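The values are calculated or read from the model by the stated rules, or taken from the named source; none is laboratory data. Being a predicted model, the structure only gives us computed values, none of them experimental. Methodologically, a virtual Cβ is constructed for each residue, glycine included, from the backbone with ideal geometry; neighbour enumeration extends over all protein chains shown.
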């Protein structure tokens, strides 16, 4: 009976040791505070690519510094160099839900008369929630309708992400 319990103890120790050694393989995983480089492709739910770093410079950012959307940062946490993953980020963790109160109509006279206004034009303005980028969405002779929502607000985003490098902590 003693031999059997000794064998079980040895087997248990060997198993524990193998787990410890596997965790000490030297492969670093991304943690908060790390500066990383990633390649990514962002797609809408219909498959339309809205942004990519492929064929360009990888995106470099520091986790925990609010440089990228919340869901993207969460997806990169725990990755290893060379690892790839595909994640879908709900709108609330991306650019938020659309806020119809940010669609405003202003008198045409509120805009400079020497500037030709066009649909799609963007400008910076103030709102009750701070400084926003507004996009002109409609123009007529007397009114200009603008939208302060990000163009990706209200949309779930799918990202294909590859961790290229962990630069520093």
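Restricting 58, 90 to residues that are surrounded by fewer than 13 Cβ atoms within 10 Å (Cβ to Cβ), at pLDDT 90 or above and under 15 Å from the mean Cα position of the chain (by Cα) narrows the list to 90.
Considered as a group, the residues in the range 139-169 that are out of contact with any strand residue (DSSP E or B) (no Cβ under 8 Å at 6 or more places or on another chain) and without any contact (Cβ under 8 Å) to a residue 40 or more places away in the chain include one that is farthest from residue 59 (Cα to Cα), and that residue is 141.
Just one of (1) at pLDDT below 95; (2) in contact with a strand residue (DSSP E or B) (Cβ under 9 Å, 6 or more places away or on another chain); (3) over 17 Å from residue 164 (Cβ atoms) fails for residue 17. It is (2).
The criterion of at least 3 residues that are touching a helix residue (DSSP H, G or I) at 6+ places or on another chain (Cβ under 8 Å) and closer than 22 Å to residue 90 by Cβ is met, among strands (runs of 3 or more DSSP E) falling completely within the range 115-169, by 157-168. All of (1) in a helix (DSSP H, G or I); (2) crowded, with 16+ Cβ neighbours inside 10 Å; (3) free of Cβ contacts under 8 Å to residues at least 24 places away in the same chain hold for residue 74 with one exception: (2).
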